[in-house]
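S.K.: Quick one: structure below, then a few questions.
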Ligand SMILES: Cc1cc2nc3c(=O)[nH]c(=O)nc-3n(C[C@H](O)[C@H](O)[C@H](O)COP(=O)(O)OP(=O)(O)OC[C@H]3O[C@@H](n4cnc5c(N)ncnc54)[C@H](O)[C@@H]3O)c2cc1C
Ligand SMILES: *[C@@H]1O[C@H](CO)[C@@H](O)[C@H](O)[C@H]1NC(C)=O
Ligand SMILES: *[C@@H]1O[C@H](CO)[C@@H](O)[C@H](O)[C@H]1NC(C)=O
Ligand SMILES: *[C@@H]1O[C@H](CO)[C@@H](O)[C@H](O)[C@H]1NC(C)=O
Ligand SMILES: *[C@@H]1O[C@H](CO)[C@@H](O)[C@H](O)[C@H]1NC(C)=O
């Protein structure tokens, strides 16, 4: 039976209204979002239009400008209840939303976020160490160097990323690796519990006993399940009195084959206290000119024992050598001659990184990569910002937890590589 005309008309009007509502939703003006958020958030919170110069001044800059998310409004919540309100509002209004911790994320999908709200966790910046309980609780935006400084002061340690400016929660949610991972595994293995605001605005305690499935996921695949406001970790008494050997070397590219041979030999028996790093890049310095390999060795033990261990590398007679004993907390700042600190902490780089895991070291294969780089970079100077960074940690720490204990999938990795093309020119000139 056909519906009477007036009813059809009503249906049409309702459909039309619904369509308009959707359009209004999708196109909510930045000013409306700003006004709405200002009205619901605590007075200590900061709400700023992306266009406002205050945004650039107050909000955490992104390290990588390649494929960055686009925001219309920035929020710095002061309280956990503010985080709950922003998420409830954004989800309810169909507006994209993303947390910012240290701003060092570079997932290639980040650029798909458009017209969103940036929830900068900058006001969540405390580290609390409980040495009696051997635990540490950090707020959502604490950076790696804050963790290292606080732990060194109490005679404790935990693996921290090689770059001191990386957000500690951001690193943890993706697993997180650093020199002391040889001793303790990925950072996420030391996570005990997390207070997290989920997309529906709930505040959950997430741990091995509460919301266990979520706990599994956030240890290694943790982005976008919610916003972690507070994270509690197991911490460990400092190894070697909180000191380590740092050895930096530079080798000419012609020795690359010997270096990969040694790396392969070490991989089989690498002591848990030793981490090995290489960076393959192009040097325009007249003395070096061409492909060089910088090598870095960190040993959580005495300098004498460390030097004995790395003797095979010393026997290759590096062009440059600097061996010293440093405080554990200073490793990220001094390793690779301080390069990570100067390059890794300066936001605004246009950077295209690709992660790559090696599950075995195939010497011939890596030689051909180096030769390819040599060829390409010699012929095309615009490629000279490219590099391959290699981190080789002992398997010991990674094998302390079972493969199925968390979403972290890289326990059997022999070397973590990152191939990156770093370009310094601004986006517009690309
Ligand atoms: C120069 C450089 C060196 C690096 N070195 C290392 C290294 O040695 N070891 C290592 O493991 N990693 C390293 N990384 C990778 C780094 O750990 C990840 O990119 C990490 O996700 C960055 O976190 P962030 O908070 O600084 O970045 P952001 O861009 O602020 O965040 C990255 C992602 O994590 C989410 N996020 C951050 N904090 C929270 C939170 N509290 N709650 C919920 N979600 C959150 C964000 O929403 C985003 O999706 C390095 C990165 C760079 C750029
Ligand atoms: C939510 O927004 C997206 C685009 O940002 C749009 O594709 C989708 O239709 C919207 N959903 C609703 C229910 O309006
Ligand atoms: C989470 O756990 C802490 C400590 O056990 C407790 O004080 C807090 O109330 C809990 N929060 C929620 C939301 O359950
Ligand atoms: C890398 O090592 C191989 C093997 O020793 C050598 O033949 C090659 O020339 C080296 N590559 C460069 C760029 O020096
Ligand atoms: C050697 O390294 C240490 C720290 O690791 C640094 O303080 C020192 O300046 C370096 N020496 C040279 C000559 O670069």
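S.K.: Residues in region 182-199 that are more than 15 Å from ligand 3 (Cβ to nearest atom) and touching a residue at least 60 places away in the same chain (Cβ under 8 Å): how many? Reasoning before the result, please.
M.R.: Keep residues of region 182-199 that are more than 15 Å from ligand 3 (Cβ to nearest atom), which gives 182-190, 199.
Cutting the leftovers down to touching a residue at least 60 places away in the same chain (Cβ under 8 Å) gives us 182-186, 188-189, 199.
Here the count works out to 8.
S.K.: If you check 40, 95, which single one turns out to be farther than 25 Å from residue 348 by Cβ, modelled with pLDDT of 95 or more and crowded, with 19+ Cβ neighbours inside 10 Å?
M.R.: Just a single option satisfies the conditions, and that option is 95.
S.K.: Residues that are crowded, with 16+ Cβ neighbours inside 10 Å, closer than 14 Å to residue 248 by Cβ, within 16 Å of ligand 1 (Cβ to nearest atom) and at pLDDT 95 or above: does region 338-354 have at least one?
M.R.: No, region 338-354 contains no residue that is crowded, with 16+ Cβ neighbours inside 10 Å, closer than 14 Å to residue 248 by Cβ, within 16 Å of ligand 1 (Cβ to nearest atom) and at pLDDT 95 or above.
S.K.: A follow-up question, please. Could we say that residue 381 is modelled with pLDDT under 95, within 24 Å of residue 267 (Cβ to Cβ) and more than 16 Å from ligand 3 (Cβ to nearest atom) here? It would help to see each step written out before you state the result.
M.R.: Numbers: modelled with pLDDT under 95: yes; within 24 Å of residue 267 (Cβ to Cβ): no; more than 16 Å from ligand 3 (Cβ to nearest atom): yes.
For residue 381, the condition - modelled with pLDDT under 95, within 24 Å of residue 267 (Cβ to Cβ) and more than 16 Å from ligand 3 (Cβ to nearest atom) - is not met.
S.K.: Which of (1) assigned to a strand (DSSP E or B); (2) within 16 Å of ligand 1 (Cβ to nearest atom); (3) touching a helix residue (DSSP H, G or I) at 6+ places or on another chain (Cβ under 7 Å) does residue 326 not meet, given it meets every other one?
M.R.: (2)
S.K.: If you check every pair at least six apart or on different chains, which have Cβ atoms under 8 Å apart with a residue in region 223-250 that is free of Cβ contacts under 8 Å to residues at least 40 places away in the same chain first and a residue that is away from ligand 2 (no atom under 16 Å from the Cβ) second?
M.R.: 225/196; 225/198; 225/214; 225/217; 225/218
S.K.: Right, next: Confirm whether residue 220 is away from ligand 2 (no atom under 16 Å from the Cβ) and either on the phi < 0 side of the Ramachandran plot or assigned to a helix (DSSP H, G or I) (or both).
M.R.: Judged against the criteria, residue 220 is not a match.
S.K.: Output the residue which, of all residues in region 252-286 that are in a loop (DSSP other than H, G, I, E, B) and in contact (Cβ under 8 Å) with a residue 24 or more places away in the chain, is surrounded by the most Cβ atoms within 10 Å (Cβ to Cβ).
M.R.: 273
S.K.: Which ones in region 306-329 are in contact (Cβ under 8 Å) with a residue 60 or more places away in the chain and within 24 Å of residue 159 (Cα to Cα)?
M.R.: Once the filter is applied, which keeps residues that are in contact (Cβ under 8 Å) with a residue 60 or more places away in the chain and within 24 Å of residue 159 (Cα to Cα), region 306-329 yields 306, 307, 310, 322, 323, 324, 325, 326, 327, 328, 329.
S.K.: Still on this structure, I have one more. Before we move on, is residue 56 surrounded by 17 or more Cβ atoms within 10 Å (Cβ to Cβ), more than 16 Å from ligand 3 (Cβ to nearest atom), closer than 30 Å to residue 350 by Cβ and modelled with pLDDT of 95 or more?
M.R.: So residue 56 fails the test.
S.K.: Scanning region 191-205 for residues that are in a strand (DSSP E or B) and farther than 19 Å from residue 158 by Cβ, which turns out farthest from ligand 1 (Cβ to nearest atom)?
M.R.: That would be 205.
The values are calculated or read from the model by the stated rules, or taken from the named source; none is laboratory data. Predicted, not measured: the structure shown is a model, and the values here were computed from it. Ideal geometry is used to build each Cβ from the backbone, glycine not excepted, and the neighbour counts take in all protein chains shown.
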